[in-house]
Amino acid sequence: MKKDFLALQDFSKEELLYLLELTEKLKKKKIKNPQVLKGKSIGLVFQKSSNRTRVSFEVGIHQLGGNCIYLGPKEIKLGVREAVSDVGKTLERYLNGVVARTYSHQYVVDLAKYTRIPIINGLSDLTHPCQALTDIFSIKEKFGTLKNITVAYVGDGNNVCNSLLIGCSKLGIDMNIATPQGYEVIAPIIENAKTNAKKSGAKLIFTQSPQEAVKNAHVIYTDTWVSMGQETESEKRLNDFKDFQVNQELTRLAKKDFIFMHCLPAHRGQEVTDDIMDGKNSIIFDQAENRLHTQKAIMTFLFKG
Ligand code: CP
Ligand code: NVA
């Protein structure tokens, strides 16, 4: 049976740990010339812009011996030019897998439902699982462990936050989330996270105070205040989030050797200041690089058969 990669919630702790281990092996080149995609074509069906996701998937597919076809927002027009089910049922006749970046999360779910080829979620309005798995790999890489680590997320309770929360709660990583009123993580994600945390022992704190979230944290994570598709809300959001900037004053409350993380693209001077982005605690470009290694592990897992 084909496997998809739609959300971290669909994977067990053991599977996630296996993917982290595989990522490390691929990054350290312990697997010689991995060619799991030899003779295979993977389509990138993207409704939104991308730097990291597109480039790291294209390069990763190439490194695994496969062929990649980029289908941007102007090509397929998911759900507009054609029903999502018809798109999926057509693409599976040509392709061996699809990485989809969509607005509606239902579109990635439907692509998976209507096709017999693996579908990878390359970001939807609800989740960004490739990012979260990369983030957790990056944390483990920096601290050498995932035990007794506290991740503080400051900002919007959005797709990036949702997936990080699910990943951390599955793997027993404590997470403090500070969001302004009205921008909290949605209830079904919190419910899943709490169920995961009961099993893994992760401690979860939801607050409206960035200071409370960051106090003694090992990781400070933030993301844009205005995600793709929310541009018309920009002015209101910039105002509502103004006390949630990650800056020197806030980071002083964290552990001395904290790491700063951001999925990127960042809006310098909004959710984070330049000195934090470019400072000694920032690991943002190692984190970006790790997208490549993690996604190669995900594809190896899905396509190895
Ligand atoms: N972090 C991330 O997904 O970046 P892109 O939107 O540039 O792909
Ligand atoms: N939350 C952001 C993440 C971009 C990688 C967005 O959805 O635009």
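The values are calculated or read from the model by the stated rules, or taken from the named source; none is laboratory data. Please read these numbers as outputs of a predicted model, since none were measured by experiment. All Cβ positions, even for glycine, are placed from backbone atoms using ideal geometry, and neighbour counts span all protein chains on display.
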Q: Go through segment 63-88 residue by residue and tally those that are surrounded by 15 or more Cβ atoms within 10 Å (Cβ to Cβ) and assigned to a helix (DSSP H, G or I).
A: 4
Q: Among the residues of segment 1-32, count how many are in contact with a helix residue (DSSP H, G or I) (Cβ under 7 Å, 6 or more places away or on another chain) and assigned to a helix (DSSP H, G or I).
A: 10
(Q) Just checking: which of the helices (runs of 4 or more DSSP H) contained wholly in segment 205-305 hold 3 or more residues that are within 16 Å of ligand 1 (Cβ to nearest atom) and either within 23 Å of the chain's Cα centre (by Cα) or closer than 21 Å to L133 by Cα (or both)? (A) 284-303
Q) Name the residues in segment 15-41 that are of a type in the set (A, V, I, L, M, F, W, C), within 20 Å of the chain's Cα centre (by Cα) and under 18 Å from I120 (Cα atoms), would you? A) L16, L19, L20, L22
Q: Mind listing just one residue for me: the one in segment 192-204 that is assigned to a loop (DSSP other than H, G, I, E, B) and touching a Gly at 6+ places or on another chain (Cβ under 9 Å) and, of those, surrounded by the most Cβ atoms within 10 Å (Cβ to Cβ)?
A: A202
Q. Do any residues in segment 219-244 that are closer than 24 Å to I173 by Cβ have Cβ atoms under 6 Å from those of residues that are small (G, A, S), where the two are at least six apart or on different chains, and which pairs are they?
A. I220/A152; I220/A254; T222/G155; D223/G155; F244/G155
Q | Residue among I117, I173, I189, I139 that alone is touching a Gly at 6+ places or on another chain (Cβ under 9 Å), of a type in the set (V, I, T) and surrounded by 24 or more Cβ atoms within 10 Å (Cβ to Cβ) | A | I173
Q. Touching a Lys or Arg at 6+ places or on another chain (Cβ under 8 Å) and modelled with pLDDT of 95 or more - does that describe any residue in segment 230-244?
A. yes
Q) Can you tell me which residues in segment 44-62 are within 16 Å of ligand 2 (Cβ to nearest atom) and either assigned to a strand (DSSP E or B) or over 21 Å from T127 (Cα atoms) (or both)? A) L44, F46
Q) Going through segment 158-171 one residue at a time, which ones are without any contact (Cβ under 8 Å) to a residue 60 or more places away in the chain and either farther than 16 Å from L126 by Cβ or in contact with a strand residue (DSSP E or B) (Cβ under 7 Å, 6 or more places away or on another chain) (or both)? A) L164, L165, C168, S169
Q: Working only within segment 111-146, note down all residues that are in contact with a helix residue (DSSP H, G or I) (Cβ under 6 Å, 6 or more places away or on another chain), under 17 Å from V98 (Cα atoms), in a loop (DSSP other than H, G, I, E, B) and more than 16 Å from ligand 2 (Cβ to nearest atom).
A: T115, P118
Q) Restricted to segment 106-135, and to residues that are small (G, A, S) and within 13 Å of ligand 1 (Cβ to nearest atom), which residue is farthest from I42 (Cα to Cα)? A) A132
